[in-house]
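Only one structure is covered here, and it is reproduced in the block below.
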Amino acid sequence: MALKPKFSIITVTYNASSVIEPTLRSVAVQSYKNFEYLLIDGASTDDTVTKAVGMGIEFAHIVSEHDSGLYDAMNKGIELAKGDYLCFLNAGDSLYAPDTLERMVAALEGYDTLPEVLYGETAEVDEQRNFIRMRRLKAPEKLTWKSFKRGMLVCHQAFFVRRDIAPLYDLKYRFSADVDWCIRAMKRAGRLVNTHTIIVNYLQNGLSLQNHRASLLERFSIMSKHYGLPVTILNHLWFVVRAVIKR
């Protein structure tokens, strides 16, 4: 029997009126309809929520209240979600195509039970939604929790975790809790499936990019916690060499 999982798509917003419409539209046009959509807003002072409601999407939940930041809002989404898989689609990002979810489900052909993690590729776009390039780090064919010692090989938005094994985000990290979350999820996972699908258009203006140095320091701390300090230092030396080679 073909597996037909339910996706919980969670969009976290704060004063995102200028970028929210492509995100909402990409969900509304999905050909695969077995999903719920949750909007977790941090008490925006612009018309983010009004725009969302005006799109005519049937939301499972709309929450608009003060929170303690991006990852606190994501935790609220996890606690409200009822689907099989969690999908965090940030404001400004969008599902790649109208058949994105359908293609992900097609990748489950031959499975009797739902794998713990589904993942795929990421395209980068500018604010006018023009394609810039594919994400520099390509999703590996075989992914394990140890893979991220070489960097975050899969974008957070292209990494779907089965809800029953998903941890909450660690709020001591302000900018890179998603890296820690993905690693902890993979440690709990038995099967991680590369869907061989471009899943998301990633808008290049995220929180971690706006706070680049602090994000890098957090990532170093996270990788040291999971992989040990010596391995993390050696890998970061390689990151520097790799960056020079690719220039």
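Return yes or no: is Ser68 of a type in the set (S, T, N, Q) and farther than 15 Å from Asn201 by Cα? Yes, satisfied. Taking the criterion of being free of Cβ contacts under 8 Å to residues at least 24 places away in the same chain and open to solvent by 10 Å² or more (accessible area, probe 1.4 Å), the only residue of the range 165-182 that qualifies is Lys172. Restricting attention to the range 144-164 and to residues that are open to solvent by less than 10 Å² (accessible area, probe 1.4 Å) and of a type in the set (Phe, Trp, Tyr), the residue that is modelled with the lowest pLDDT turns out to be Phe148. So which residues in the range 106-143 are farther than 16 Å from Ile198 by Cβ and either among the aromatic types (Phe, Trp, Tyr) or exposed (fewer than 13 other Cβ atoms within 10 Å of the Cβ) (or both)? Of everything in the range 106-143, those that are farther than 16 Å from Ile198 by Cβ and either among the aromatic types (Phe, Trp, Tyr) or exposed (fewer than 13 other Cβ atoms within 10 Å of the Cβ) (or both) turn out to be Glu109, Gly110, Tyr111, Asp112, Thr113, Asp126, Glu127, Gln128, Lys142. Please tell me if Lys82 is open to solvent by less than 50 Å² (accessible area, probe 1.4 Å) and farther than 16 Å from Phe159 by Cα. No.
Looking at Asp47, Asp93, Asp41, can you tell me which residue is farther than 25 Å from Leu153 by Cβ, open to solvent by less than 30 Å² (accessible area, probe 1.4 Å) and either touching a Ser or Thr at 6+ places or on another chain (Cβ under 7 Å) or among the hydrophobic types (A, V, I, L, M, F, W, C) (or both)? Sole residue among the options that is farther than 25 Å from Leu153 by Cβ, open to solvent by less than 30 Å² (accessible area, probe 1.4 Å) and either touching a Ser or Thr at 6+ places or on another chain (Cβ under 7 Å) or among the hydrophobic types (A, V, I, L, M, F, W, C) (or both): Asp41.
Among the helices (runs of 4 or more DSSP H) confined to the range 170-247, the ones with at least 2 residues that are modelled with pLDDT of 95 or more are located at 177-188, 212-227. Examine the range 113-121 for a residue that is farther than 12 Å from Asn201 by Cβ and acidic (Asp, Glu), and state whether such a residue exists. Looking through the range 113-121, at least one residue is farther than 12 Å from Asn201 by Cβ and acidic (Asp, Glu). The set of residues in the range 144-154 that are over 15 Å from Val193 (Cα atoms) and over 16 Å from the mean Cα position of the chain (by Cα) comprises Lys146, Lys149, Arg150.
Taking the criterion of being open to solvent by 50 Å² or more (accessible area, probe 1.4 Å) and in contact (Cβ under 8 Å) with a residue 40 or more places away in the chain, the only residue of the range 50-69 that qualifies is Ser68. Here is a check on your reading of the model: is Thr23 hydroxyl-bearing (Ser, Thr, Tyr), in contact with a Gly (Cβ under 7 Å, 6 or more places away or on another chain) and open to solvent by less than 20 Å² (accessible area, probe 1.4 Å)? Yes; evaluated as a whole, the condition is true for this residue. Kindly indicate whether any position in the range 106-116 is within 23 Å of Ile222 (Cβ to Cβ) and of a type outside the set (Asp, Glu). There is no residue in the range 106-116 that is within 23 Å of Ile222 (Cβ to Cβ) and of a type outside the set (Asp, Glu).
The values are calculated or read from the model by the stated rules, or taken from the named source; none is laboratory data. The structure presented is a predicted model; accordingly, all values stated were derived computationally and were not measured. So basically every Cβ, Gly included, is an ideal-geometry build from the backbone, and we count neighbours across all protein chains shown. Calculation scope for accessible area: heavy atoms of the full protein, side chains included, ligands and nucleic acids excluded. Shrake-Rupley method; radii C 1.70, N 1.55, O 1.52, S 1.80 Å.
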